[in-house]
Amino acid sequence: MIRRTLARFGIDAYLIALMATVAVAAVLPAHGVGATVANGAVSVAVALLFFLYGARLSPLAVWEGLLHWRLQSLVFASTYVLFPLLGLVLARTFGGWLPRELVAGLIFLCILPSTVQSSIAFTGIARGNVAAALCSASVSNLFGMVLTPLLVVLLLNSKGGGFSTQAIENIALQLLLPFVAGQLLRRWIGPFLQRHKAPLSLVDRGSILLVVYAAFSEGMVAGIWSQVTLGDLALVSLLGLALLAAVLVTTTLASRRLGFSKEDEIAIVFCGSKKSMASGIPMANILFPGQALGLIVLPLMLFHQAQLVACAVLAQRYARRSEPEGTAASIPAVASPSAAGAR
């Protein structure tokens with residue numbers, strides 16, 4: 001009831017939960033033994049999160065979607081070529097006006113995989129190619145477990161990124177190994193997960209909140225927030241909006257110029273313009289040990305909210321275009337993470 005009421009007024013309930021978590025970390029940060037316990041809980045939660053990802057993802061759906069190689073190639077290019085190039089341009093142009101951690105966070109945002117749940121949800125609302133969106137978003141996350149660390153090496157190592165061989169081992173142990181285990185056990189536990197989607201979605205959101213709490217607690221204890229001004233936050237927000245607008249326009253024009261159907265265009269736009277907070281924050285926790293993680297993930301958190309609001313409006317516009325004249329759309333007012341997921 002509360003969630004639906006908030007959605008009716010365009011308020012993202014999950015964003016409120018994120019902000020509340022940051023507030024708790026500011027007032028009651030974990031330190032000493034508490035920080036050790038929190039970090040241990042984060043490792044367990046992240047491993048469980050990726051285990052569930054593996055158990056939910058159908059290998060057959062991925063294989064069938066790969067056959068639509070033109071669509072997948074365009075989404076891949078947007079996610080792992082266009083986004084990083086734009087991020088580098090923004091970082092080079094405005095990086096001198098921001099703390100180093102926020103610049104690293106801006107680039108890190110641009111090399112993350114796409115979302116899964118929200119890409120599919122918005123594509124469905126807009127009456128696009130849902131099967132292609134499912135495959136594209138899923139494959140993006142599979143590749144992301146390898147490509148994102150590699151791009152951290154190429155783009156952030158010289159800027160103070162914390163990537164190392166230890167990070168590779170942590171990625172394998174905390175992300176890849178649980179994911180593979182979930183795939184292997186999917187035959188037995190998949191039906192159970194399908195029947196209990198709502199309770200298990202708490203693992204998705206809860207794990208992110210736990211990582212955010214640990215990250216911002218560490219920042220409070222280290223005193224990193226004295227390095228950030230309201231001007232820094234405003235600039236990062238504006239850069240995120242400019243980035244999102246540029247990618248939305250580019251993917252729309254490219255899909256039309258290449259002759260894709262309207263259904264395929266919708267899938268391309270929604271899958272190619274998003275970045276996954278559910279994958280990104282756990283990856284940041286592994287890839288940037290000893291860094292000011294709270295600042296590094298801040299651009300991602302701001303971009304996450306912007307992409308949800310923009311894509312909710314865009315999905316409704318697409319849906320209205322495809323309606324028969326004289327009919328009313330049955331479209332949610334806002335596709336919040338509560339419905340579309342934080343992924």
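The values are calculated or read from the model by the stated rules, or taken from the named source; none is laboratory data. These numbers were taken from a predicted model, which means no experiment stands behind them. Cβ coordinates were reconstructed from backbone atoms using ideal geometry, including for glycine residues, and neighbour counts include every protein chain displayed. The area values use the complete protein model at the heavy-atom level, side chains included, leaving out ligands, DNA and RNA. Shrake-Rupley method; radii C 1.70, N 1.55, O 1.52, S 1.80 Å.
For segment 10-32, state whether one or more residues are hydrophobic (A, V, I, L, M, F, W, C), farther than 17 Å from SER207 by Cα and modelled with pLDDT under 65. Yes, the conditions are met somewhere in segment 10-32.
Here's the yes/no breakdown for (1) surrounded by fewer than 16 Cβ atoms within 10 Å (Cβ to Cβ); (2) under 22 Å from the mean Cα position of the chain (by Cα); (3) not in a loop (DSSP other than H, G, I, E, B):
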site: VAL203; (1), (2), (3): yes, yes, yes
site: SER207; (1), (2), (3): no, yes, yes
site: LEU233; (1), (2), (3): yes, yes, yes
site: VAL247; (1), (2), (3): no, yes, yes
site: THR250; (1), (2), (3): no, yes, yes
site: ILE266; (1), (2), (3): no, yes, yes
site: GLN291; (1), (2), (3): no, yes, no
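Pick out the one residue from SER279, SER261, SER255, SER237 that is closer than 24 Å to LEU98 by Cα and among the small types (Gly, Ala, Ser).
Numbers: SER279 fails: closer than 24 Å to LEU98 by Cα; SER261 fails: closer than 24 Å to LEU98 by Cα; SER255 fails: closer than 24 Å to LEU98 by Cα.
SER237 is the lone residue from the list that is closer than 24 Å to LEU98 by Cα and among the small types (Gly, Ala, Ser).
For LEU241, are the conditions met, namely being open to solvent by 50 Å² or more (accessible area, probe 1.4 Å), aliphatic (A, V, I, L, M) and modelled with pLDDT of 95 or more? So LEU241 fits the description; yes.
In this structure, does ARG92 turn out to be within 22 Å of ALA137 (Cβ to Cβ), among the basic types (Lys, Arg) and surrounded by fewer than 20 Cβ atoms within 10 Å (Cβ to Cβ)? Write out each step before concluding.
Values: within 22 Å of ALA137 (Cβ to Cβ): no; among the basic types (Lys, Arg): yes; surrounded by fewer than 20 Cβ atoms within 10 Å (Cβ to Cβ): yes.
Against the criterion (within 22 Å of ALA137 (Cβ to Cβ), among the basic types (Lys, Arg) and surrounded by fewer than 20 Cβ atoms within 10 Å (Cβ to Cβ)), ARG92 does not qualify.
Residue-level check: of (1) over 23 Å from VAL37 (Cα atoms); (2) more than 22 Å from the chain's Cα centre (by Cα); (3) open to solvent by 70 Å² or more (accessible area, probe 1.4 Å), VAL221 misses just (1).
Among the residues of segment 121-152, the ones that are modelled with pLDDT of 80 or more, β-branched (Val, Ile, Thr) and open to solvent by 50 Å² or more (accessible area, probe 1.4 Å) come to 1 in all. LEU147 falls short of the stated requirement of being touching a residue at least 24 places away in the same chain (Cβ under 8 Å), within 19 Å of PRO282 (Cα to Cα), under 19 Å from the mean Cα position of the chain (by Cα) and outside any helix (DSSP H, G or I).
Could you look through segment 252-263, keep only residues that are part of a helix (DSSP H, G or I) and open to solvent by 70 Å² or more (accessible area, probe 1.4 Å), and pick out the one that is nearest to LEU298 (Cα to Cα)? Spell out the reasoning first.
First pass over segment 252-263, keeping only residues part of a helix (DSSP H, G or I): 252-257, 262-263.
Of the ones still in play, those that are also open to solvent by 70 Å² or more (accessible area, probe 1.4 Å) are 253, 256-257, 262-263.
Details: LEU253: 30, ARG256: 33, ARG257: 35, LYS262: 34, GLU263: 33 Å.
For segment 252-263, the residue satisfying everything is LEU253.
Summed over segment 95-121, the residues that are over 15 Å from the mean Cα position of the chain (by Cα) and either assigned to a helix (DSSP H, G or I) or within 19 Å of ASN141 (Cα to Cα) (or both) give a count of 8.
Based on what the data block shows, is PHE192 touching a Phe, Trp or Tyr at 6+ places or on another chain (Cβ under 7 Å), farther than 15 Å from ASN285 by Cβ and either open to solvent by 70 Å² or more (accessible area, probe 1.4 Å) or modelled with pLDDT under 85 (or both)? Answer is no for this residue. Which residues, counting only those in segment 173-189, are modelled with pLDDT under 85 and exposed (fewer than 14 other Cβ atoms within 10 Å of the Cβ)? The answer is LEU173, and nothing else.
Pick from segment 293-323 the residues that are assigned to a helix (DSSP H, G or I), open to solvent by 30 Å² or more (accessible area, probe 1.4 Å) and at pLDDT below 85: which of them is farthest from ILE266 (Cα to Cα)? Let's see the steps before the verdict.
Taking segment 293-323 as the starting set, the residues that turn out to be assigned to a helix (DSSP H, G or I) are 293-321.
Checking which are open to solvent by 30 Å² or more (accessible area, probe 1.4 Å) leaves us with 302, 305, 309-310, 313-314, 316-317, 320-321.
When the remaining residues are screened for being at pLDDT below 85, the result is 305, 309, 313, 316, 320-321.
Numbers: GLN305: 20, VAL309: 16, VAL313: 13, GLN316: 11, ARG320: 13, ARG321: 12 Å.
Ranking the candidates gives GLN305 first.
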